[in-house]
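The values are calculated or read from the model by the stated rules, or taken from the named source; none is laboratory data. Just so you know, these numbers come straight off a predicted model, no measurement behind them. Please note: Cβ atoms are built from the backbone with ideal geometry, for glycine as well, and neighbour counts cover all protein chains shown.
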Amino acid sequence: MAFKSEFIKVFKEGLEPYGFRRMKGTDFFGKLINNEILLYVSYKQYSPPDRGVKAFDVIAGVQTIYSHDLTEHQLIFSSGGLINHNISCVDNIRVYFEYTSKTQSDAIDKAFKSMMKVIMPIFEKVIDLPSCLEYLFTFKFGWLNHLDRMYRDSILLIVADNHDSFEYRLNKAKEERLKFYNGNESNPVYQTWLEEFPPVLHELIDSRDRVWASKELQDKVFSEANRRAEINKAQLRKYGFEI
């Protein structure tokens, strides 16, 4: 069986019980929550230097109708943070698989099991816009900044009525990053992150609060949110969702 056909078969059988469906005209599986949030899973193939094997990644992510757009290109682009985080921070789990014609079935089966162990628990926490913000803070933090310029997913801070101090998120980020460096606070990379991250966080907060302080900026953000929502709803309908 061709790789695409076998991947679609295995993931379709495994994901449908969780409310996912194959997105029409694509190799993606998606689940729509509250007509606002899209969870999605697919794959990306590679050609390794060793010509005797082929390779693929499982790709996955979370987007909303207020995101930049929901085209296939954007979904692939938006999946990077989640996958890179999992490769770095989860023990004994892979999302990159090399295979031959003889090992293809085994690789796809392992890929599905890895996805269920690593990615599905993250998906299960995303149930509304506030929890979507939690996801973005962890995996796409930079996309929440520059709200006054309506950069990427930053407008979600206003749409979700966010007034958070982000202090507990900062503490959580410190804990997770320190765990990654085996508790070694003197690690130079950790120290660099510790110096750079808080100022960026405060910049995010200041950017958000500038919008909350300005009726004119709020109106612009909500206008942009409505514009994106209409475009993205049309795209979701093309994928076969009723919205």
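Of all the strands (runs of 3 or more DSSP E) wholly in the range 1-120, which have at least 1 residues that are modelled with pLDDT of 90 or more and closer than 28 Å to residue 222 by Cβ?
Values: elements: 29-33, 37-46, 54-64, 96-99.
In the range 1-120, the matching strands (runs of 3 or more DSSP E) lie at 29-33, 37-46, 54-64.
Conditions tested, residue by residue: (1) farther than 30 Å from residue 26 by Cβ; (2) touching a Leu at 6+ places or on another chain (Cβ under 9 Å); (3) at pLDDT 95 or above.
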site: 172; (1), (2), (3): yes, no, no
site: 185; (1), (2), (3): yes, yes, no
site: 188; (1), (2), (3): yes, no, no
site: 198; (1), (2), (3): yes, yes, no
site: 215; (1), (2), (3): yes, no, yes
Where a residue in the range 29-52 is assigned by TED's automatic domain parsing to the domain that holds residue 65 and its partner, wherever it lies, is part of a strand (DSSP E or B) and among the acidic types (Asp, Glu), with Cβ under 7 Å and at least six apart: 43/57; 44/57; 48/98
The range 233-243 - residue that is in a helix (DSSP H, G or I) and among the charged types (D, E, K, R) and, of those, farthest from residue 157 (Cα to Cα): 238
Some residue of the range 159-182 being in contact (Cβ under 8 Å) with a residue 40 or more places away in the chain, surrounded by 15 or more Cβ atoms within 10 Å (Cβ to Cβ) and of a type in the set (A, V, I, L, M): yes
Meets criteria (surrounded by 13 or more Cβ atoms within 10 Å (Cβ to Cβ), without any contact (Cβ under 8 Å) to a residue 24 or more places away in the chain and among the hydrophobic types (A, V, I, L, M, F, W, C)) for residue 212: no
Residue that is nearest to the chain's Cα centre (by Cα), among those in the range 128-155 that are over 25 Å from residue 177 (Cα atoms) and in a loop (DSSP other than H, G, I, E, B): 128
So residue 226, is it within 19 Å of residue 66 (Cβ to Cβ), polar (S, T, N, Q), over 21 Å from the mean Cα position of the chain (by Cα) and not assigned by TED's automatic domain parsing to the domain that holds residue 68: yes
